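Everything on this sheet refers to the single structure shown next.
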Amino acid sequence: PGGTIRTYAFDSFNLDNIATGRVVLRLWEQTREPAYRIAADTLRKQLSAHPRTPEGGFWHKKIYQNQMWLDGLFMAEPFYSEYSVMFKEPNYFDDIANQFLLIKKHLYDEKTGLYYHGWDESKIQKWADPIKGTSPNFWGRSLGWFMMALVDVLDSFPENHKDRNEI
């Protein structure tokens, strides 16, 4: 009621909590009930305040400082893109593109053509490669989330955006 999302804690800054916002967008689209718009706006505000790497990449969660995870693209970007279209906020598309471009820059492995599961910008995690900051493994599920993030975002991403072809 009133747009409150039960069990949601804004200041946990967890990208996993953004993914279900797509359902809220569908509900607002179908009903135009103000509570759904309020809930969607709350999730969008989280992305504005969400902790980021110095290059602007979303930390996967506040508790995982300086870390970008491949599955974070699926958790945030489809909602972010659909919200931007639905509420006519085209200025957000540069930030959405930047998330994908940073993942490519830091997680893509030229040798295998795969993406590592995670990247620690600070390179201090025990799992992080001390030079690149990448996790030591590729994770099939996160590769699937990455592919679905691409499909879902490109469905709503502007055809004429300068970074669309790169994505």
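Summary table below
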| quantity | calculated |
| --- | --- |
| Given charges at Cβ of Lys, Arg, Asp, Glu: the chain dipole, positive-most of 153, 40, 107 | 40 |
| Of the DSSP H helices in the chain, those whose Cα atoms cover at least 18 Å axially and whose Kyte score averages -1.0 or more | 34-49, 72-86, 93-107, 140-156 |
| Dimensionless Rg ratio for the chain, taking C-alpha atoms and the 2.2 N^0.38 Å reference | 1.04 |
| Local electrostatic count, residue 77, Cβ distance below 12 Å [Lys/Arg +1, Asp/Glu -1] | -4 |
| Loop sites in the stretch 1-63: trypsin sites (Lys or Arg not before Pro), DSSP, at most 14 other Cβ within 10 Å | 6, 32, 62 |
| Residue-averaged [θ]222 nm for the chain, counting only DSSP H segments that reach four residues, each worth -39500 (n - 2.57) | -14500 deg cm²/dmol |
| Accessible area in square angstrom per residue, the stretch 1-154, 1.4 angstrom probe | 51 Å² |
| GNM result for the chain, Cα springs below 10 Å: residue of 110, 55, 29 fluctuating most strongly | 110 |
| Share of carbon and sulfur in the accessible heavy-atom surface of the chain [1.4 Å probe, %] | 54 percent |
| Gaussian network model of the chain, Cα within-10 Å springs - most flexible of 74, 146, 138 | 138 |
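The values are calculated or read from the model by the stated rules, or taken from the named source; none is laboratory data. What you see is a predicted model; the values in this text were computed from it and never measured. In this analysis, Cβ positions are derived from the backbone assuming ideal geometry, glycine residues included, and neighbour counts consider all displayed protein chains. Ligands, DNA and RNA are excluded from the accessible area calculation, which covers all protein heavy atoms including side chains. Shrake-Rupley method; radii C 1.70, N 1.55, O 1.52, S 1.80 Å.
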